[in-house]
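Below: one structure, written as structure tokens.
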Amino acid sequence: MPCRKVSILLLFYLYYCNGQNFSAKMNPTVERLKSVPATELGEGPHWDAESQSLYFVDIFGKSIHKYVPATDKHTKAVIGLNHVSLIVPVRGEQNKYLISIGRELAVVTWDGESEKVAKIEKIVEIENDPETIDNRFNDGKCDPSGRLWAGTMGGEPVNGQVKPQKGSLYSFENKKPMKHLSKLGISNGLAWSADKKKMFYIDTHAGSIDEFDYDIKNGTMSNRRPLFTLKKHNIPGGPDGMTIDKDGKLWVAIFNGHRVIKIDTEKRETLLMSVTLPAKQVTSVAFGGPNLEDLYVTTAKFTIDGELLNAPEHGGTYRITGLNAVGQEPGVSVML
């Protein structure tokens, strides 16, 4: 009996130690990219595998940005015409990127070095009726086929006070929009499952990450249901941009929440991890790096309700390593 007791205790000890070591290995490291200046409203990170570069935007700064980890080099070009909320490389076209400018989508020609783009070509304009004239695009991303999905939000006469139920979600093929959802608060994060049968979506005002059945051939979504609700887990802030890893887990930026969360897509309302950041306004995430093991995070520092957020922590661009996760795929370029 004593021997059996000792054996059980030894097994428990070994299990505990291994668990501790495993936890240590899972300890993420949060690093602010010091060569990247703080943005007013950093958003839309997109990893380009071909150039091994991270592209992102500063919405309020009306600018597009590029960061090359291998050289730790940051460059940007100011568009200056209106809010710029997304940037996606155009497939098969060198130095061409699809961006949003207010309520328009446009293709810009940029060498990745110059402070201004060489050319701006308007592709499509939406929501130009009196009820939505002050709307703008917000988050956008390509599905695995290269079809662009992008959503809008209502006007924001005061920072942080968005006109409710003015936004919509669209897909774009042959430069033509198709509306899928309307009466949205802030159309935000997008992701697709590896088998292309599920689409994940965020309307920040709804406070949840939702799931749809997805038909990639026809580019249609159906059967909406909540996957994860922040209030049920006492998580402050609102869900913003997100990405998905190879294991089908979602990584979600929490605006006004100082964190990125990892959630399960197979078990509803299942929180797997929470990573704290120095910045309060965490806006979006994208896996990058040679092996897609680094999680890049954009943040913001604009004033809401008189609260001043100081740079460089707020508005910084971050890289999180040691997550034991790999991105599902690099950012998909857009088919025009």
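Every number here is computed from the coordinates shown, using simple stated rules; none is lab data. Everything numeric in this text was worked out from a predicted model, so none of it was measured. Neighbour counts run over all protein chains shown; Cβ positions are idealised from the backbone, glycine included.
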Next item on the list: With everything on Cα atoms, drop me the angle between helix 2-25 and the longest principal axis of the chain, reported from 0 to 90° to the nearest 10.
Entry: 20
Check: What are the extents of the Cα atoms of the range 216-313 along their three principal axes, listed from largest to smallest and rounded to whole Å?
Finding: 45, 36, 28
Check: the range 102-157: which trypsin sites (Lys or Arg not before Pro) are DSSP loop and have at most 13 other beta-carbon atoms within 10 angstrom?
Finding: LYS116
Check: In nanometres, what is the gap between the two model label sites at ASN174 and VAL124, each 7 Å from Cα along Cα-to-Cβ?
Finding: 1.2
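Percent relative contact order of the range 153-273, based on C-alpha pairs within less than 8 angstrom and at least six residues apart? Mind showing how you got there, number by number?
Values: 271 pairs, mean separation 18.4, N = 121.
Rounded, it is 15 percent for the range 153-273.
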Notebook entry, point to check: So which residue, out of ILE87, ILE133, ILE263, gets the largest mean-square fluctuation from a GNM of the chain using Cα contacts under 10 Å as springs?
Noted result: ILE133
Notebook entry, point to check: Could you give the distance between the Cα centres of the range 107-175 and the range 296-336, to the whole Å?
Noted result: 19
Next item on the list: May I ask you to derive the relative contact order of the range 31-321, considering only C-alpha pairs under 8 Å and at least 6 residues apart, and to give it as an integer percent?
Entry: 15
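With a cap of 12 neighbouring Cβ atoms within 10 Å, and only residues DSSP puts in a loop, list the trypsin sites (Lys or Arg not before Pro) found in the range 179-255. It would help to have the intermediate numbers written out before the result.
Numbers: sites: LYS179, LYS183, LYS196, LYS197, LYS198, LYS217, ARG224, LYS231, LYS232, LYS246, LYS249; in loops: LYS196, LYS197, LYS217, LYS246, LYS249.
Sites meeting the loop and neighbour criteria: LYS197, LYS217.
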Item checked: Loop sites in the range 64-142: GluC sites (Glu not before Pro), DSSP, at most 14 other Cβ within 10 Å -> GLU93, GLU113, GLU115, GLU131
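From the C-alpha coordinates alone, can you work out the Kirkwood hydrodynamic radius of the chain, in Å?
Working: mean 1/r = 0.0491 Å⁻¹.
When all Cα pairs of the chain are included, the Kirkwood radius is 20.4 Å.
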Notebook entry, point to check: Could you give the length gained on full extension between LYS232 and SER35, defined as 0.36 nm per residue of separation minus the Cα-Cα distance, in nm?
Noted result: 67.1 nm
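What's the extension gain from ASP213 to ASN82 if we count 0.36 nm per residue and subtract their Cα-Cα distance? The partial results should precede the final answer.
Numbers: separation 131, 0.36 × 131 = 47.16 nm, distance 3.42 nm.
Taking 0.36 nm per residue and subtracting the Cα distance, the gain is 43.7 nm.
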Note to self: Can you list residues from other chains, or at least 5 along the same chain, whose modelled amide H is less than 5 Å from the amide H of THR283?
What the structure shows: THR298, THR299, ALA300
Check: Listing ASP203, ASP111 from the residue with the fewest other Cβ atoms within 10 Å to the one with the most, what is the order?
Finding: ASP111, ASP203
Check: How far is it, in nm, from the label point at ASN291 to the one at GLN94 when both lie 7 Å from their Cα along the line to the Cβ?
Finding: 3.1
